[in-house]
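Shown next, in structure tokens, is the structure this report addresses.
The values are calculated or read from the model by the stated rules, or taken from the named source; none is laboratory data. Note that this is a predicted model, so its numbers are computed, not measured. FYI the Cβ positions are ideal-geometry reconstructions off the backbone, even for glycines, and counts take in every protein chain you see. For accessibility, only protein heavy atoms count, side chains too; no ligands or nucleic acids. Shrake-Rupley method; radii C 1.70, N 1.55, O 1.52, S 1.80 Å.
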Amino acid sequence: MNAPAHSLPHGHDHHDAHDGGHGHITLQYQPGLPLSRGKLIMWLFLSTEIMFFAALLGSYVVLRFGAAVWPKPHHVHLSEPIGAFNTFVLICSSVTIVLALEAAKANKASLAKSWMLATLLLGTLFLGVKGYEYSAKFSHGIYPSAPHSRMYEKPDLYYGSAVRARIEALRKMPKGQVPTLLASALVPAKTEDGKESAPPTTVDAIQALIALPENALSDEQRSARSHLQQVIKMADDPNQQPFDLAVIADQVMPLPSEHADSHGGHAHGLNDVFPWLRLPAVIPGGNMWASTYFLLTGFHAIHVIVGLIVFTILLLYRLDRKRAGMIENAGLYWHFVDLVWIFLFPLMYLF
Amino acid sequence: MSDRHDDAVHGPLTRAGHQPDADAGGHGEEGHADADHGHESHGGLGLYLAVFAALCLLTTMSFLTYSSVWPWRDQPHVGWAFMMAVSCTKAMLVVLFFMHVRWEANWKYVLTIPAAMMAIFLALMLVPDVGMRNRMVSQERALHMARPSDIRLMEQAAGAGAFADPAAAH
């Protein structure tokens, strides 16, 4: 199938004798498409990838615009500047891989290798920033599904009972999990009957926080502590009103009303001041948002990882003219990854 | 020049097989060691850097919709349309220049157009069942799903200043 160059003139010689040839048939290779097999396969693969990501992006758009409520980017702690930075990183990596290809075509192997290395580093930087963003989501209790996710859709009775359950859990916090802030307030374990033999395995973290002396806390922490006490009272109030639950939710994790709010895009709630509280939070529409966000950026990140593996393998070779085809195919794939991000960034961060 | 050379080699074959684009004749097979590629004419550092600058500029432009200088803050649709236009332009630049599609033969249409059409069709087919899922919902679902009123409620709660704050006043 591969067209050896030397056979072609041969075929040409016998071209006229084709009809009358008695068993004198020389097989000729005629390329159906004027491109190499590797590139053809890569493009076929990319056309399936177009459909794959179009399905994901299309579902996202349809889910988003069909939703009654969709969180604003700052509701879910997305940082637009970080997203823009990552866009910039990917664009740079697209340029470096193109330059690697050009260098390889010009047979400058070491130059090609350094551009390839630059691409690899930029891709790694992208993943690093992505990981940082993910960890920011996780620390706010934003996960795609239930066991980890602490997101509630609305401040309703279910939310109220989740808050109460968490407060109960905080009152029986396993000793190993106690934050360092509270360590000083943990009085030496004196049990009910006064016997010291069995120190309790759990501590009341709320009580320990309240017992902390004023000067052990910053202004922000003092104010958050008094808010927490009021929140607990409100959550346990038998005459609780629906609005109280909204107040609780706002205290735990406020929804910033406008993006003018500059510091990282969100005001400080109890969960931000005392991260170990891990109280349930309300983000209307947040669960569907998290599902689409993690699915889309996750699949994109997987593609980035695959690209990085390919680059690492390519770096083992001498990237001269012979490898230009390989670099071109890897580059095509990488540009596609960039292309997906070009659409993901505005759809996720700016819409 | 390299195209000429390749044409001379492939001449009769390509005529018989109707190769549409002479430009693509210089397409190097991966194994071609002797490769005098037709590629050299494509791109070049200057062009790539120009595309890169354009991409950066476009990214900044779509980022502007987020900043305070954007005049249509109260009409999100304007910003969305603008950002999609910017994204499509960026995608075009990447595909045409970085992926070298601009210099490819007509096979590019065979691969990209059907895929793009199916992609669009795929998204459109989701609209009735998924996109319009909230046009009519059961009462039970309406009770438990988030609604714009929930955001308003949260904003009211934030505005109410429900807790008098002795500690905040230093």
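Quick notes on this structure:
- Reciprocal of mean inverse Cα separation for chain A (Kirkwood radius, Å): 25.0
- Rg to Rh quotient for the stretch B:42-105, alpha carbon positions, Kirkwood Rh: 1.11
- Integer Hz, Karplus 6.51/-1.76/1.60 couplings in order for the stretch B:56-68, x for Gly and Pro: 5, 4, 5, 4, 4, 4, 5, 5, 4, 4, 7, 7, 7
- For the set B:L111, B:L143, the ranking by accessible area, highest first and with no ligand, DNA or RNA atoms included, is B:L143, B:L111 under a 1.4 Å probe.
- Karplus-derived 3J(HN,Hα), 6.51/-1.76/1.60, for each residue of the stretch B:154-160, Hz, glycine and proline x: 5, 5, 4, 4, 5, x, 5
- Across the stretch A:134-142, coupling constants 3J(HN,Hα) worked out from phi with the 6.51/-1.76/1.60 Karplus curve, θ = phi - 60°, read 4, 5, 5, 5, 4, 5, 8, x, 9 Hz, and Gly and Pro carry x.
- Relative contact order [Cα under 8 Å, 6+ residues apart], the stretch B:42-105, whole percent: 42
- Area of B:W107 that stays accessible when all protein chains are in place (1.4 Å probe, Å², to 10): 10
- Distant-in-sequence amide contacts of A:V282, defined by a placed amide H-H separation under 5 Å and a gap of 5 or more residues or a different chain, comprise A:Y152, A:M253.
- The lysine pair tally for chain A, using Cα distances under 29 Å and a gap of 8 or more places or different chains, is 26.
- For the stretch A:79-99, a decrease in accessible area of 50 Å² or greater in the assembled protein chains relative to the isolated chain, with a 1.4 Å probe, applies to A:I91, A:V95, A:V98.
- Amide hydrogen proximity for A:S149: with H placed 1.01 Å from N in the peptide plane, the residues at 5 or more positions away or on another chain lying under 5 Å are A:Y143.
- The 1.4 Å probe gives accessible areas that order B:C88, B:C56, largest first, as B:C88, B:C56.
- When both the stretch A:230-258 and the stretch B:132-158 are represented by their alpha-carbon centers, they are found 18 Å apart.
- The modelled label-to-label distance between A:I82 and A:N107, using points 7 Å beyond Cα along the C-beta direction, is 4.8 nm.
- Computed E for B:L122/A:S218 - FRET, C-beta separation, R0 60 angstrom, nearest 0.05: 0.70
- Between 0 and 90°, nearest 10: helix A:242-252 axis offset from chain A longest Cα axis: 70
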